[in-house]
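See below for the structure under consideration.
The values are calculated or read from the model by the stated rules, or taken from the named source; none is laboratory data. Just so you know, these numbers come straight off a predicted model, no measurement behind them. Don't worry about glycine lacking a Cβ; one is built from the backbone with ideal geometry, like all the others, and counts go over all protein chains shown. We work out accessible area using only protein heavy atoms, side chains counted, and drop any ligands, DNA or RNA first. Shrake-Rupley method; radii C 1.70, N 1.55, O 1.52, S 1.80 Å.
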Amino acid sequence: DETLKSNTLPHVFVFTHESAFKAFHTDCLDDYPQERDIFWQSLSNAGANVFFSGHDHFFDFAEIKEEGKKSMYQAIVGTGGGSLHDKPSYGYNGDNSSYLLQGLFHEVEYGYVVVDISDKSVKMTWKHRLCDDETQICSYIEAYKFSF
């Protein structure tokens, strides 16, 4: 809390390996829901909007809602080169406490997120890999955008 309180900049971004809310792997911050909720509230109070993580080998963007409070977002960007997870057990079925999770976009493909900051607005763009089967030439193209 002390570190977050000392911030004077308009944006707070959080990066971790494990996600705050379960999407695929069961070993994430939902193993400790009380501590996760305190941490999540601290981030929200400090003005954080997006919680970035890896761990799950896909791209997933979810809105995390709690009644009467502003939404935050969880962006899982675990597409850095490991084997992709394309399993039927994907879902927000961990210990979510009082939070409601709404999936906004999910894709099992290699790619990355670009975050553009302009004054007080933020634009996030997920770019996924697209390969030509014949030439084996790959490029990264825009597949999802989100702004706040």
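Filter the strands (runs of 3 or more DSSP E) completely within segment 1-72 down to those with at least 1 residues that are in contact with a Gly (Cβ under 8 Å, 6 or more places away or on another chain) and either open to solvent by less than 40 Å² (accessible area, probe 1.4 Å) or among the basic types (Lys, Arg) (or both).
50-53, 59-65
Are any of the residues in segment 120-127 open to solvent by less than 70 Å² (accessible area, probe 1.4 Å) and charged (D, E, K, R)? Show your work before the answer.
Of the residues in segment 120-127, the ones open to solvent by less than 70 Å² (accessible area, probe 1.4 Å) are 121-122, 124-127.
Right, trim to charged (D, E, K, R) and you get 127.
Taking every residue of segment 120-127 in turn, at least one turns out to be open to solvent by less than 70 Å² (accessible area, probe 1.4 Å) and charged (D, E, K, R).
Write out, first by first residue and then by second, each pair whose Cβ atoms fall under 6 Å of each other, whose residues are 6+ apart or on separate chains, and whose first residue, in segment 48-62, is more than 25 Å from PRO10 (Cβ to Cβ) while the second is open to solvent by 10 Å² or more (accessible area, probe 1.4 Å) and among the charged types (D, E, K, R).
Matching pairs, first to second residue: HIS55/GLU18; PHE59/GLU107.
Is there any pair linking a residue in segment 1-21 that is aromatic (Phe, Trp, Tyr) to one that is outside any loop (DSSP other than H, G, I, E, B) and surrounded by fewer than 15 Cβ atoms within 10 Å (Cβ to Cβ), with Cβ under 8 Å and at least six apart or on different chains, and which?
PHE13/VAL115
What residue, among those in segment 55-94 that are polar (S, T, N, Q) and either in contact with a Lys or Arg (Cβ under 8 Å, 6 or more places away or on another chain) or modelled with pLDDT of 95 or more (or both), is nearest to THR26 (Cα to Cα)?
Looking only at segment 55-94, we keep the residues that are polar (S, T, N, Q), and these are 71, 74, 79, 83, 89, 93.
Within this subset, residues satisfying the condition of being either in contact with a Lys or Arg (Cβ under 8 Å, 6 or more places away or on another chain) or modelled with pLDDT of 95 or more (or both) are 71, 74, 93.
On the way: SER71: 23, GLN74: 16, ASN93: 9 Å.
The selected residue is ASN93.
Please go through segment 128-148 and give me each residue that is open to solvent by 80 Å² or more (accessible area, probe 1.4 Å) and either touching a helix residue (DSSP H, G or I) at 6+ places or on another chain (Cβ under 6 Å) or hydroxyl-bearing (Ser, Thr, Tyr) (or both), ordered by number.
Matches in segment 128-148: TYR140 only.
Would you say GLU109 is part of a loop (DSSP other than H, G, I, E, B), loosely packed, with under 12 Cβ neighbours inside 10 Å and of a type in the set (Asp, Glu)?
On the way: part of a loop (DSSP other than H, G, I, E, B): yes; loosely packed, with under 12 Cβ neighbours inside 10 Å: no; of a type in the set (Asp, Glu): yes.
Criteria not met by GLU109.
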